[in-house]
Amino acid sequence: MHKTLLALSVLLAVSPPGARAADENAACLECHADESMTFDLGGGLTLPLFVDGNAFAKSVHGQAVACTDCHAGMKPDHATGSLPAKTRHELARQASEACRGCHEEAPAEGIHHAVIARGDAGAPACSECHGAHDILAPGSFRTHVPARCGACHAKEAQAYAKSVHGSAIDSNDDVPVCTDCHRVHKDADTSPGALSLRTPVICGRCHTDPKRMAKYGISTNVVATYLADFHGMVTTLQRGTERGPGVKLAAGCTDCHGIHDIQKTDDPRSRVIAAHLQRTCQQCHQGAPAMFPQAWLSHWEPSPRKAPAVWVVRQFYRLMIPFMVGGLVLQIGLHILGVLRKR
Amino acid sequence: MSAAQIVRFSRRQRIEHALVMACFVLLCLTGFPQKFFTHAWAAALVHLLGGIDWARRIHHLAGYTLAALTVIHFGTGLAGMLTRQLPFSMMPTRKDFEDVFRQLRFYLGELPRAPLYDRFSYKEKFEYWGLVMGNVIMVMTGFLLSFPIQVTAFLPGVLVPAAKMAHSNEGLMAFLVITIWHIFNVHLNPDAFPFDPAIFTGKISRERYEHEHPLELARLEGRPPPAAEAPVAAPGPVRPGGRVGASPAPAGYYLNASRWSVHPVARDGDGLPAGPGLWRRVPAWVALALVPLLGVTFLMFMPVAGFAVLGRHLLLRPGRPPADGASPRRG
């Protein structure tokens, strides 16, 4: 009862603009439902003018936004008009201004904005990622993300599709899609190596989450053990350093595990299974011999079973340092006591 | 002025100390930010040094210098011992083990007098052996960490993280021992406070020498030891157990088993040290092996001694001995 009332009141509240939009959009679709309709942009480029009315109706804007809210200034008799753009991309960038008419708060930063600011006009505009007539509510299109990004980043999308993350995307909400690692509206640092240096943080968002990792029996200690090792120390101290001629960055997660093609650590395709590890080390450590990879404890904490030699050294110093320093401090204490006693 | 000053450290020793000190400071400055890299001060210090790559370059340069100094030190020391020109004055002897107890018991008021010291007191010997043995560990593990690819060509890779664990911890221990033990005993102790320049000038006033190293001073000046020592047999012929102290002896190495002391006789007929116990001639390798063996044993003994003396004091509460204070028994 309560729910019905609520739904009714919502319907009533939105119905006036909704009704206007519906009327207007129906009018537009009289022509634009024609799948063969195109516009000649010149230079051999054509712009399809077909709009899928059903897809739009299901989209986040479908019930409340009228065509002219975005396509401002379009009159019913624009059929022979012209467009102020020579490519679809240019058109999409102009349309981004229309998005801003409502979405004032939309972030004007992020990797693509940074690319545009760098002078690269090829970076996508709002509709080229989010879609135009088929925009879905945020969070409801996770599984579409790789395809959207893949429209431009095809090589990465293909590698991702075969990876441990990408291959599970349809059945598993835990695996990251492109935007979980590449947070497009947040991470704007395009300097070489910036992303690689941040991989312990990026991967750590999921891989240190005990709830999520327990399902797969994956250790949440991976970041801590990485940081405890040489590579982790160097990447931490290299924060803000740019990769460049003569400047090498220490290995982050993806340098060993792979980026888009990351696999389970027991998958024969994995770069970090024992059979491939030497080659993986050699990416940076030229000429690393067969025993070299043992220098890396594979994210294990030293223990009597794993790396006992390291464990023994650690235990020795855990006892020796307090014993030695404590013993000396005691002797100094007795010395001072002796001096005070004589006074 | 100069008559009242005694040269304690040669020019070479002073230069060696200055270089070791410079290396040590640089190694700490560039090493600890790597050990404690998560702290803000570490990042700031690394930034100041021009980034982690520069910090590591400086660390390596200072490390190689210290390694070279260590090798030179061992080389000259070994040559000096093999030619029997170098006295075994840095080797801990039974007197040093006993001096620790006597000095600490003196601090606690259990003994009326502190022990008298020869060229190096037990505190200095501990410092020396701590540095030398620490250096051996640091140089070996540092070398392993510098050349992991070459090392793992013929040794297991797990040695690399083990070496890193040892390098980082031994470095911390060295830093703590130097800042606590060395700085206190050399500079902050009430006799020297606030600063003892002897290692930089090489000289110490005779008055202070008399106070700190009376046994050595007496020997330098050809006097008998100042304090009453245990009665000593007169020099004489060889006895079944060896030679009596102060007797002339053929060239070679002599071990005094009751004093845990080794003495090289450079030329036939030179005298053995005066004092109790019999000196028996031993092969060179025995003499040379005893040096590091006693050095390491003494290192481990030192922290135990403090706890032992304090524990005994708290348990038994031994009273002060009579005022005349029987002189400490010696081997």
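Bear in mind that the values in this text are calculations on the coordinates, not laboratory data. All values reported here derive from a predicted model rather than from experimental measurement. Note that we place each Cβ from the backbone using ideal geometry, even for glycine, and neighbour counts take in every protein chain shown.
Numbers at a glance
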read-out	value
Proximal lysines to B:Lys123, defined as alpha-carbon separation beneath 23 angstrom and excluding residues fewer than eight positions away on the same chain	A:Lys342, B:Lys95, B:Lys203
Chain B, relative contact order in percent, only Cα pairs under 8 angstrom and at least six apart counted	22
Segments B:185-197, A:200-212 sorted - mean Cβ within 10 Å per residue, highest first	A:200-212, B:185-197
Among B:Arg84, B:Arg312, B:Arg94, residue whose mean-square fluctuation peaks in a GNM of chain B (springs only between Cα atoms under 10 Å)	B:Arg312
Chain A: most fluctuating residue of A:Leu319, A:Leu83, A:Leu91 per GNM, C-alpha cutoff 10 Å	A:Leu319
For region A:164-181, Karplus couplings with θ = phi - 60° (6.51, -1.76, 1.60), whole Hz, Gly/Pro x	4, 7, x, 6, 9, 4, 6, 10, 9, 7, 7, 6, x, 9, 2, 6, 6, 8
Sequence-distant residues sharing a close amide H with B:Ile6 (under 5 Å, placed H)	B:Ile204, B:Ser205, B:Arg206
Degrees, to the nearest 10: A:2-32 long Cα axis against longest axis of chain A	60
Tilt relative to chain B, helix B:284-316 - C-alpha long axis, 0 to 90 degrees, to 10	90
Average Cα contact separation per residue, region A:231-304, under 8 Å, 6 or more apart, as relative contact order %	16
Cα-based helix-to-principal-axis angle, B:122-146 vs chain B, degrees rounded to 10	30
Burial order of peptide ranges A:118-129, B:97-108 (average beta-carbon count within 10 Å, highest first)	B:97-108, A:118-129
Listed residues A:Leu340, A:Ala27, B:Pro112: farthest to the positive end of the dipole of the protein assembly as shown (Cβ charges)	B:Pro112
Ordering of A:288-299, B:50-61 by packing [mean C-beta count within 10 Å, highest first]	A:288-299, B:50-61
For residues of A:63-70, the mean tally of beta carbons on other chains within 10 Å	0
Interchain or long-range residues, amide H under 5 Å from B:Leu278's placed H	B:Ala257, B:Ser258
Per-residue HN-Hα couplings for region B:30-42 [Karplus 6.51, -1.76, 1.60; θ = phi - 60°; Hz; x = Gly/Pro]	9, x, 5, x, 7, 6, 10, 5, 7, 7, 4, 5, 5
Which of A:Ser140, A:Ser270 has the fewest Cβ neighbours within 10 Å, and the rest in rising order	A:Ser140, A:Ser270
Cross-link table A:Lys248/B:Lys35; A:Lys186/A:Lys211; A:Lys264/A:Lys306; A:Lys186/A:Lys215; A:Lys155/A:Lys211, entries beyond 23 Å C-alpha to C-alpha	A:Lys186/A:Lys211; A:Lys186/A:Lys215; A:Lys155/A:Lys211
Neighbour-count ranking [beta-carbon atoms within 10 angstrom, fewest first] of B:Trp260, B:Trp181, B:Trp279, B:Trp285	B:Trp285, B:Trp260, B:Trp181, B:Trp279
Max mean-square fluctuation residue, GNM over chain A, Cα-Cα springs under 10 Å, options A:Gln315, A:Gln331, A:Gln278	A:Gln331
Peptide A:307-316, shielding by other chains (average Cβ, 10 Å cutoff)	5
Amide hydrogen neighbours beyond the local backbone of A:Leu41, cut-off 5 Å, H modeled	A:Thr46, A:Leu47
Taking region A:1-140 and dividing mean pair separation by its residue count, relative contact order in percent (alpha carbons under 8 Å, at least six apart)	24
Shielding score for A:284-291, defined as the mean number of other chain Cβ atoms within 10 Å	4
Stretchable slack from B:Ala289 to B:His73, in nm (0.36 nm times residue separation minus alpha-carbon distance)	76.1 nm
